[in-house]
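Have a look at the structure below before the remarks.
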Amino acid sequence: DSEAQVLARQEVRARLAAMAPDANAPGEEMGLLRRQLLLQRRHMPIRQLFAKIPTTLRRLKPCVLMSPLSVAQYLDASLPGFDVVVFDEASQIPPWDAVGAIARGRQVIVVGDSKQLPPTSFFDRATTDDEDTEPDEEAILDTESILDEMVAARVRELLLKWHYRSKHESLIAFSNWHYYDNRLQTFPSSADKV
């Protein structure tokens, strides 16, 4: 298994390297990117740079890890869309933050746990001049998440039933029993004594 994992990593690297443009190849996009990489200061804003190198960007970075707000901030909507947009921890993402990223993909995968805390409006409230004032509990509201919206829209669900992160079984056992109807399959930790 370990050898297969190493070979799989090498295969992915080789395929991606074969798709990557030659750094010394002529061309407007690569030339612009090379010039920007050599600058010490006064770099072009990232949104503008990404808009000017769409083909090179996709070849260099076929997979991009960004927050929904970063997608809206740095990726112009006119750029070619992504094959798949994945939201992890979707119970923490308000729908209005997710819409821009969803619009940039052909498919969307929303991953989350509705039993986790929803996003709150705590950090969105305006600051007041009176710093001694306690936050109004009515003003701190739980908001809907993109996960809630997907469930409400009856998008097909798939429940994951494996849990492997806890060092000790007791850390997940309570939640498994009380929240997940004891459906989670857990794996022993390598730190447990047999």
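A few remarks follow.
- Exposure of PHE187 as accessible area (Å², to 10), given a probe of 1.4 Å and all protein chains: 90
- Debye-sum result for the stretch 35-102 in log10 I(q)/I(0), which assumes one identical scatterer on each alpha carbon, at q = 0.11, 0.16, 0.21, 0.22 Å⁻¹: -0.31, -0.62, -0.95, -1.02
- Inter-part distance where the stretch 18-60 and the stretch 61-108 are each reduced to a Cα centre, Å: 22
- Per residue, in Å², the accessible surface of the stretch 1-41 once ligands and nucleic acids are set aside, probe 1.4 Å: 88
The values are calculated or read from the model by the stated rules, or taken from the named source; none is laboratory data. Everything numeric in this text was worked out from a predicted model, so none of it was measured. When the accessible area is computed, the model is the full protein with side chains, heavy atoms only, and any ligands, DNA or RNA have been set aside. Shrake-Rupley method; radii C 1.70, N 1.55, O 1.52, S 1.80 Å.
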